[in-house]
1. Can you sort A:MET83, B:MET47 from fewest to most other Cβ atoms within 10 Å of each residue's own Cβ?
2. State the cysteines of chain B left without a partner when partners are defined as other cysteines whose beta carbon lies under 4.7 Å away.
3. List nothing, just return the count: lysine pairs in the protein assembly as shown, 8 or more apart or interchain, with Cα separation under 16 Å.
4. At each listed q (0.14 Å⁻¹), what is the log10 of I(q)/I(0) that the Debye formula gives for the protein assembly as shown modelled as equal alpha-carbon point scatterers?
5. Would you mind checking which residues have amide H under 5 Å from A:GLU15's amide H? H placed 1.01 Å from N; only 5 or more apart, or other chain.
6. Would you mind giving the average projected area, over all directions, of the Cα convex hull of the stretch B:1-108 in nm² with one decimal?
7. Going by how many other Cβ atoms sit within 10 Å of their own, how do B:GLU22, A:GLU71 line up, fewest first?
8. Starting from the Kirkwood Rh over alpha-carbon pairs, what translational D in µm² s⁻¹ does the stretch A:1-96 have by Stokes-Einstein at 37 °C and 0.692 mPa s?
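We did not get these values from a lab; they are worked out from the coordinates using the rules stated. These numbers were taken from a predicted model, which means no experiment stands behind them. Cβ sites come from the backbone with ideal geometry, for glycine too, and all protein chains shown count toward neighbours.
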Amino acid sequence: AQSVTQLDSHVSVSEGTPVLLRCNYSSSYSPSLFWYVQHPNKGLQLLLKYTSAATLVKGINGFEAEFKKSETSFHLTKPSAHMSDAAEYFCVVSTRGSSNTGKLIFGQGTTLQVKP
Amino acid sequence: GAVVSQHPSWVICKSGTSVKIECRSLDFQATTMFWYRQFPKQSLMLMATSNEGSKATYEQGVEKDKFLINHASLTLSTLTVTSAHPEDSSFYICSASSATARGYGYTFGSGTRLTVV
């Protein structure tokens, strides 16, 4: 069975400093992994996705994530936080690998707070 | 890019009434639609999966008679909360994917805030 664990429920950084949101996954086969962002009372926006191509995935708004099979991790990073990055972030795994008809399993979410 | 339009964005209804939420894929054929529920400060919980023209598959613990899902066309899926009660108050989000337009991946609607009074 597939699952994801977001290791931090809340992360606080100062504007201009690096962001690290941690995610570990469990999958019985090569997974498809995603990071989504959700602003209050809004839907979800895809930041980036990994589907067995390059292990370092670059996404929108300066975010990137590295797939590390040996560590079963898919941590999200950004070199310099912006106030507009404050939101809820979800690490997600698909139940059917690269197919986009599988279910998405969501992590519990990490709230990113950005202080001025 | 792919867009899913979800309406209404918020709705308040009286206890005992029914509410219908619509999700439309605007520029692609949504062969599969997923419906999620999200409680405050919590993650998304998958309620059901529907493929166009087929009955929805509900997750364990989700009452299929209370949460009616229709996916009669490749561009429209609806979720009807029947005989709503205050405990049904939540944020509902749809997500569409296409088996024929895989590059679109999963596209989420903007969500519906349901408040039952």
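1. A:MET83, B:MET47
2. B:CYS13
3. 14
4. -0.89
5. Residues meeting the criterion, in which the H sits 1.01 Å from N, are A:LYS115.
6. Projected area, direction-averaged: 6.7 nm².
7. A:GLU71, B:GLU22
8. Details: Rh = 13.6 Å.
Rounded to a whole number, D works out at 241 µm²/s.
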